[in-house]
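Quick notes on the structure that follows.
The values are calculated or read from the model by the stated rules, or taken from the named source; none is laboratory data. In this text the structure is predicted, and so the values were computed from the model without any measurement. Neighbour counts are summed over all protein chains in view; Cβ atoms, including those assigned to glycine, are modelled from backbone coordinates with ideal geometry. Heads up: the accessible areas ignore ligands, DNA and RNA and are worked out on the full protein's heavy atoms, side chains in. Shrake-Rupley method; radii C 1.70, N 1.55, O 1.52, S 1.80 Å.
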Amino acid sequence: MDPPLTSAHVAFRDEARAWLADHVPDLPPPGSPEAFEQHVSWERELHEAGFQALHWPEEYGGRGADVVTQAIFEEEYVRADGPDRVTVLGTNLLAPTLFAHGTDAQRQRWLPDILAARTIWSQGFSEPDAGSDLASLRTRAERDGDDLVVNGQKIWTSYGAYADWIFALVRTSNFSAPRADSTPDGPTKHAGITFVAIDLRSDGVEVRPIIQLDGHAGFSEVFFTDVRVPIDQVIGEIDDGWPVAMTTLAAERDAPAAPPARYERDLRDLIDIARAVGLDTDDVVRDRIAGLHVRVECYRHQAAATVATLAAGGSLGDGASVTKLLWSELERDLYAFGLELLGAHGEVLDDRAPLRDVAGWHSRYWYARAATIYAGTSEIQRNILARRVLALPKA
Amino acid sequence: MFPTEEQHALREMARDLFAAASPPKRLRALWDGEDRGRDVWKRLADAGLTGLTVPQEHGGGGGGFREVVLVLGEAGYAALPEPLLETVAVGVPLLTEIARLAEETPGGAWAHGWLERIAAGDAIVTVQLGGAPYVVDADVADLLLTEIEGSLFALTDFGAEPVVTEDRARRLFDAHAIVDSRSAVTHRPAILEPARDRGAVGTAALQTGIARRLLDTTVEYARTRQQFGQPIGAFQAVQHQLADVHVALTAAGGAVWHAAGAIDDDGPDRAHAAAVAKAAANDAASLANRVALQLHGGIGFTWEHDLHLWLKRGLALQQAYGSAREHRRRIAADLFDEESR
Ligand SMILES: Cc1cc2nc3c(=O)[nH]c(=O)nc-3n(C[C@H](O)[C@H](O)[C@H](O)COP(=O)(O)OP(=O)(O)OC[C@H]3O[C@@H](n4cnc5c(N)ncnc54)[C@H](O)[C@@H]3O)c2cc1C
């Protein structure tokens, strides 16, 4: 961490480091029901030790810690080789959304279970015909008494196959909003969307797993047929869910979501690969690794600036797109160079390949390929920067 | 972490001053061979900029390197042709260090005098470090600090032979042709390494300023130039190139700011941070350079248009205080020889 640390921060770091060193388990990726359950148990342990969602206010079970403390923990977690966390959609995306737009009752109802890893949440934004063009979503919800009745389909739902709840965007009015209105910020499409929490055990919900190209399961599509959702599960106002969704997306593109320690670790692995294949004295290889290191460093500074902005009570706004482009494209290029260095071993997944965890490297390589797609594609981030930061004109 | 209010104000002041004191018209006059004179330098001195880093007891502002990079960023933005980098970012800290070592080096007391003259705007410094073959602005400099085989020499009486340069407002002189009456002011190589880092980071700051100017100019052009019935800035292929420049510049800006902090704090990663900053700024600046000319189309390729004044300054600074490749070489040595450190 770059921002000047107080003695409390340093003490916390030491505490977290010591605890993690003793407790971090070695888990398989959460791509099967059994593995997923192991992840959930681990995260319960994390919670019991008081390390889950440190930055939440104390009244919701957090430590009321500042964002710097939270960032320190994420760094230490990576350094300790902590497994991917399956609660992130709840802790990192829904929670900030609830803090900004939820009611007190909603926070009391959901946050403690999120924190304790008792309920796992998934994110239901994307649809088959509404990905980048999110506002053209068609899953609809009609008011019937005190319920919304939901019909439609979500897709690419991470952890959807194992989750208990989904926070989703549904269309509640403007049903016949002209599809021709394809301008990215046209007012019509964005009105009439509602942000709602749906229990995946409700009648009429069907979850169909989708296997990812790297063989992992857990990804899914989710179908809703006359699913009744109590109106008090709407977050924000009916028909005015767009700003609520924007809060979620901003949280998703934030730096703390991608701790720079991760890339520092990966770069060290890259150096190990270069050594293992005898290319550590090759000038071209050294030049390219140094180039990647420069990007890791730049990202570290960007992440530190993000933490400082948030710590000062500010928000990143559209600037988060810079962060997202930096981390996603960095990881894509970093793992790809590792495979290039492995040469003929680059195809091999077993320990014939001269790398400590070659299967892990491949797995990270493929997931990095998705990083430029999920949380808003690179193209969409560039559109946002061009239009909203550089104020270039609309087509 | 962020610039403070005062640092912000300093930057704004520098921006306005540079824009007023050295508009493109003046750059072009210099290109046509006009003498620089001391008017602009005097204005910089009056605003406290020449003495920015001079310790307060010698009549300066006592500013640190963070202030330096903010001011140099604006100097790049204006393509200011005065040797602020050489004087303020490199020369003054060297002289200050020499003064600090006064007990051991006879030159100490003498350095105080120079610091006072610099703060007052009466002296311009240029430097030649690390065997650089050319010296910038030797014609206007009163003092040349030059590194020869690990020792630093201070020359006041030197002849300089100009070389023909691409950026005619950035004047270079053949270092080998310098005739001198040399007397070493210090034999401590330890003060030279930080000086080189300051040069690299200062150059990186100039480059980010130049690149920001190129980006702003090009964004402005893309908003107004119409083709196919709409501004070219509405085309996504154009938008994405500009967005990439913005991303690269933001990233490089963070690296420069961090390196400035490492210099101020004399942190253990100072040299490494400087190499990262220069490499990142070089990359961002070369992307900005390429995109700016591309998106200006034909008009950008003309002598009349001001764009090339920035394109060429940007190009010139790619090599100053080490190319990206040289800095990456240094970084690779840090990375691969980590265990032996
Ligand atoms: C691993 C993974 C996990 C995911 N997890 C979730 C999740 O949990 N919940 C969820 O809701 N979604 C999730 N997603 C979905 C993700 O958000 C979408 O895939 C993404 O927003 C892109 O939408 P799309 O797939 O429909 O692609 P499309 O929108 O069809 O885009 C296809 C291509 O066209 C480009 N394109 C589209 N529009 C434009 C434009 N205006 N300008 C330039 N280029 C354009 C895109 O950049 C892309 O390259 C996940 C995706 C992946 C890969």
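Residue-level check: of (1) open to solvent by 20 Å² or more (accessible area, probe 1.4 Å); (2) within 10 Å of chain A (Cβ to nearest Cβ); (3) more than 20 Å from the chain's Cα centre (by Cα), residue B:225 misses just (2).
Every test in (1) part of a helix (DSSP H, G or I); (2) open to solvent by less than 60 Å² (accessible area, probe 1.4 Å) is passed by residue A:37 save one, and that test is (2). Could you tell me whether residue B:38 is more than 14 Å from chain A (Cβ to nearest Cβ) and surrounded by 16 or more Cβ atoms within 10 Å (Cβ to Cβ)? Against the criterion (more than 14 Å from chain A (Cβ to nearest Cβ) and surrounded by 16 or more Cβ atoms within 10 Å (Cβ to Cβ)), residue B:38 does not qualify.
Residue A:330 is checked against (1) aliphatic (A, V, I, L, M); (2) within 16 Å of the ligand (Cβ to nearest atom); (3) part of a helix (DSSP H, G or I) and fails just one. What number does that condition carry? The one condition residue A:330 does not meet is (2).
Yes or no, residue by residue, for (1) among the basic types (Lys, Arg); (2) closer than 25 Å to residue B:164 by Cα:
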| site | (1), (2) |
| --- | --- |
| B:35 | no, yes |
| B:40 | no, yes |
| B:43 | yes, no |
| B:46 | no, no |
| B:64 | no, no |
| B:70 | no, no |
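Tell me yes or no: at least one residue of the stretch A:221-241 is modelled with pLDDT of 95 or more, buried (at least 21 other Cβ atoms within 10 Å of the Cβ) and over 24 Å from residue A:105 (Cα atoms). Yes, the stretch A:221-241 contains at least one residue that is modelled with pLDDT of 95 or more, buried (at least 21 other Cβ atoms within 10 Å of the Cβ) and over 24 Å from residue A:105 (Cα atoms). Can you report the number of residues in the stretch B:192-209 which are open to solvent by less than 10 Å² (accessible area, probe 1.4 Å) and modelled with pLDDT under 95? Qualifying residue count, the stretch B:192-209: 1. Using the structure shown, decide if residue B:254 is open to solvent by 10 Å² or more (accessible area, probe 1.4 Å), at the interface with chain A (Cβ under 7 Å from one of its Cβ atoms) and either hydroxyl-bearing (Ser, Thr, Tyr) or free of Cβ contacts under 8 Å to residues at least 60 places away in the same chain (or both). For residue B:254, the condition - open to solvent by 10 Å² or more (accessible area, probe 1.4 Å), at the interface with chain A (Cβ under 7 Å from one of its Cβ atoms) and either hydroxyl-bearing (Ser, Thr, Tyr) or free of Cβ contacts under 8 Å to residues at least 60 places away in the same chain (or both) - is met.
Any residue at all in the stretch A:72-82 that's touching a His at 6+ places or on another chain (Cβ under 8 Å) and buried (at least 20 other Cβ atoms within 10 Å of the Cβ)? Checking the stretch A:72-82: at least one residue is touching a His at 6+ places or on another chain (Cβ under 8 Å) and buried (at least 20 other Cβ atoms within 10 Å of the Cβ).
A search for C-beta distances below 6 Å between a residue of the stretch A:68-79 that is closer than 15 Å to residue A:300 by Cα and any residue that is open to solvent by 10 Å² or more (accessible area, probe 1.4 Å) and among the small types (Gly, Ala, Ser), counting only pairs 6+ apart in sequence or on different chains, returns A:68/A:311. Within the stretch A:111-132, is even one residue in contact with a helix residue (DSSP H, G or I) (Cβ under 9 Å, 6 or more places away or on another chain), within 14 Å of another protein chain (Cβ to nearest Cβ) and within 10 Å of the ligand (Cβ to nearest atom)? Taking every residue of the stretch A:111-132 in turn, at least one turns out to be in contact with a helix residue (DSSP H, G or I) (Cβ under 9 Å, 6 or more places away or on another chain), within 14 Å of another protein chain (Cβ to nearest Cβ) and within 10 Å of the ligand (Cβ to nearest atom).
What residue, of B:243, B:237, is within 12 Å of chain A (Cβ to nearest Cβ), buried (at least 24 other Cβ atoms within 10 Å of the Cβ) and in a helix (DSSP H, G or I)? On inspection, the qualifying residue turns out to be B:243.
Selection of first residues in the stretch A:29-54 that are on the phi < 0 side of the Ramachandran plot and of second residues that are of a type in the set (A, V, I, L, M, F, W, C) and open to solvent by 50 Å² or more (accessible area, probe 1.4 Å), restricted to Cβ pairs under 9 Å at least 6 apart or on distinct chains, gives the following pairs, ordered by first then second residue: A:31/A:211. Being more than 8 Å from the ligand (Cβ to nearest atom) and assigned to a helix (DSSP H, G or I) is the filter here; which residues of the stretch A:356-370 pass it? Passing the criteria: A:358, A:359, A:360, A:361, A:362, A:363, A:364, A:365, A:366, A:368, A:369. Within the stretch A:265-279, take every residue that is open to solvent by 40 Å² or more (accessible area, probe 1.4 Å) and among the charged types (D, E, K, R) and give me the one that is farthest from the other protein chains (Cβ to nearest Cβ). It comes out as A:265.
Please enumerate the residues belonging to the stretch A:92-110 that are within 16 Å of the ligand (Cβ to nearest atom) and either in contact with a Cys (Cβ under 6 Å, 6 or more places away or on another chain) or of a type in the set (S, T, N, Q) (or both). If the condition is that a residue be within 16 Å of the ligand (Cβ to nearest atom) and either in contact with a Cys (Cβ under 6 Å, 6 or more places away or on another chain) or of a type in the set (S, T, N, Q) (or both), then A:92, A:97 are the ones that fit. Residues of the stretch A:287-319 that are open to solvent by less than 30 Å² (accessible area, probe 1.4 Å), modelled with pLDDT of 90 or more and more than 16 Å from residue B:252 (Cα to Cα): A:289 alone. Looking only at the stretch A:374-388, decide whether some residue is closer than 27 Å to residue B:254 by Cβ, without any contact (Cβ under 8 Å) to a residue 12 or more places away in the chain and crowded, with 19+ Cβ neighbours inside 10 Å. Checked the stretch A:374-388: at least one residue is closer than 27 Å to residue B:254 by Cβ, without any contact (Cβ under 8 Å) to a residue 12 or more places away in the chain and crowded, with 19+ Cβ neighbours inside 10 Å. Comparison of A:292, A:279 shows that the only residue that is among the hydrophobic types (A, V, I, L, M, F, W, C), part of a helix (DSSP H, G or I) and touching a residue at least 12 places away in the same chain (Cβ under 8 Å) is A:292. Is one or more of the residues making up the stretch B:175-194 within 9 Å of another protein chain (Cβ to nearest Cβ), among the basic types (Lys, Arg) and free of Cβ contacts under 8 Å to residues at least 60 places away in the same chain? No, every residue in the stretch B:175-194 fails to be within 9 Å of another protein chain (Cβ to nearest Cβ), among the basic types (Lys, Arg) and free of Cβ contacts under 8 Å to residues at least 60 places away in the same chain. The residues of the stretch A:371-395 that are within 13 Å of the ligand (Cβ to nearest atom), in a helix (DSSP H, G or I) and of a type outside the set (Asp, Glu), listed by number, are A:371, A:378, A:380, A:381, A:382, A:383, A:384, A:385, A:386, A:387. Selection of first residues in the stretch B:264-292 that are in contact (Cβ under 8 Å) with a residue 60 or more places away in the chain and more than 10 Å from every other protein chain (Cβ to nearest Cβ) and of second residues that are open to solvent by 50 Å² or more (accessible area, probe 1.4 Å) and among the aliphatic types (A, V, I, L, M), restricted to Cβ pairs under 8 Å at least 6 apart or on distinct chains, gives the following pairs, ordered by first then second residue: B:289/B:315.
Given the condition touching a residue at least 40 places away in the same chain (Cβ under 8 Å) and over 21 Å from residue A:78 (Cα atoms), answer yes or no: does some residue in the stretch A:345-362 qualify? Checking the stretch A:345-362: at least one residue is touching a residue at least 40 places away in the same chain (Cβ under 8 Å) and over 21 Å from residue A:78 (Cα atoms). Taking the criterion of being surrounded by fewer than 24 Cβ atoms within 10 Å (Cβ to Cβ) and touching a residue at least 40 places away in the same chain (Cβ under 8 Å), the residues of the stretch B:49-60 that qualify are B:55, B:58, B:59, B:60.
Of all residues in the stretch A:1-58, those that are over 25 Å from the mean Cα position of the chain (by Cα) and charged (D, E, K, R) total 3.
Residues in the stretch B:1-31 that are farther than 21 Å from residue B:50 by Cβ and polar (S, T, N, Q): B:4 only. If you go through the stretch A:334-355 and keep only what is within 16 Å of the ligand (Cβ to nearest atom) and open to solvent by 30 Å² or more (accessible area, probe 1.4 Å), you end up with nothing.
When the stretch B:9-35 is filtered for residues that are under 29 Å from residue B:113 (Cα atoms) and surrounded by fewer than 19 Cβ atoms within 10 Å (Cβ to Cβ), the ones remaining, listed by number, are B:11, B:13, B:21, B:35.
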